[in-house]
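Written below as structure tokens is the structure these notes are about.
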DNA sequence: GACTGTGAAGCCATTCACAGCT
DNA sequence: AGCTGTGAATGGCTTCACAGTC
């Protein structure tokens, strides 16, 4: 791997390319050019090539890329197929939906346990995934070497849960609670803020209508 | 408003500031500095000031910002409180969760109708929101002047739904389907790709462990 | 001729540092 | 003295344009 700092946006685009390639691959296409990838993912050909160039040379000049091969390379880069061990905290509406979200499973992220503080839910199964009590998180994460936790609890509990997960030795947190978590640098965090996205949309609509 | 192009990241940060200020306001704090906002939202003081400066002068030199006032200004900028009319398409797991998501309602985005192609669901209510048949989307959007639609249908149907919404005259689309939608430029789109976020996290964990 | 890979240029966002105000 | 507002400097991402390869 080259020793250049890779922009996070480039990584997110790689993820989109991979999704597109997976779909293209199914339809039987073998070869593809940077221009076609760009057209299918809403980017530019130069950017597609640059993003890939951060990691190596995957194409053939004058020809293009082999769809299956390129997709495999990108999956390697992203760490897909590493068999990540994932848990989810918060069996509310959003948590339940995420537990059953096909988009995670199909990309190799399989949630193996759900934790909740509602004892009525503990012991049940959420679409085959067992629901356990919050106070079992620490032991479970340590014993099963869990890599990633998805936080889908109400705002007020998010930081406490995050602290607990950090103490347990979690490597990454995907946070759906609309709060800024305080997390040590060596633990990776991604915030998915649903309301923020609606507000950006709202802003863009207003600006667009003014022109 | 100044005639400078505003970075979209700045807008997303404004949204986070606002959320933070709302919370701070509740706890009774009246005045706040850019440094405190930065500390509470994971940014830098200079960036907070710059983000605000795109839109005007909201603070007092030597003093800071009035929490309530600043929050109101930001809400105006973002178009919150404009009484947006919002519908959701796709009453599956994710769609149901989003319909009941408190983070939307508390920020002024109230989903008023849900559409689904499953006739068993049509006529029911999802947490008080009526579920209607997909073929009623066009009329409903036109008659009720719907501004924003949230797409939470399976990938394969997303583009068709998007086309239908565009034809109906929708202004903005928040898309949860993991596909790149083809939409005319005057309609605003935001993609929330849940799997992409997990994949970026996965990438970051791998990179972090190599160092 | 077609398309990749890449240095260089251009553009945009962030950070710095300080003038201006309270 | 403390904090905002902002031009200038820096840093980073994107686009350009072309050499290299098939």
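Figures for the structure shown
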item: Inter-copy label distances at residue B:160 (7 Å, Cα→Cβ; nm, one decimal); result: 4.7
item: Per the axis that maps chain A onto chain B, nearest residue of A (Cβ criterion) and its distance in Å; result: A:97, 2
item: Rough spin-label spacing in nm, given labels placed 7 Å along Cα→Cβ, for residue A:44 and residue B:117; result: 3.7 nm
item: Inter-copy spacing of residue B:118 label points, which lie 7 Å from Cα along Cα→Cβ, given in nm from shortest upward; result: 1.9
item: Helix axis angle, A:155-168 relative to chain A longest principal axis, alpha carbon, degrees; result: 80 degrees
item: Förster radius 25 Å - calculated FRET efficiency between residue A:128 and residue A:82 (Cβ-Cβ, nearest 0.05); result: 0.65
item: Nearest-first distances (nm) between copies at residue A:133, label 7 Å from Cα via Cβ; result: 5.0
item: Between 0 and 90°, nearest 10: helix A:8-26 axis offset from chain A longest Cα axis; result: 70 degrees
item: Spin-label model distance (nm) - residue B:156 vs residue A:182, 7 Å beyond Cα toward Cβ; result: 4.9 nm
item: Folded to 0 to 90 degrees: helix A:67-78 orientation relative to chain A principal axis, Cα; result: 40 degrees
item: Computed label-point distance, nm, for sites residue B:5 and residue B:60 using a 7 Å Cα→Cβ extension; result: 3.7 nm
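Read the figures in this text as sums done on the coordinates, not as results from a lab. From a predicted model like this one, the values you see are computed outputs, not experimental measurements. Cβ sites come from the backbone with ideal geometry, for glycine too, and all protein chains shown count toward neighbours.
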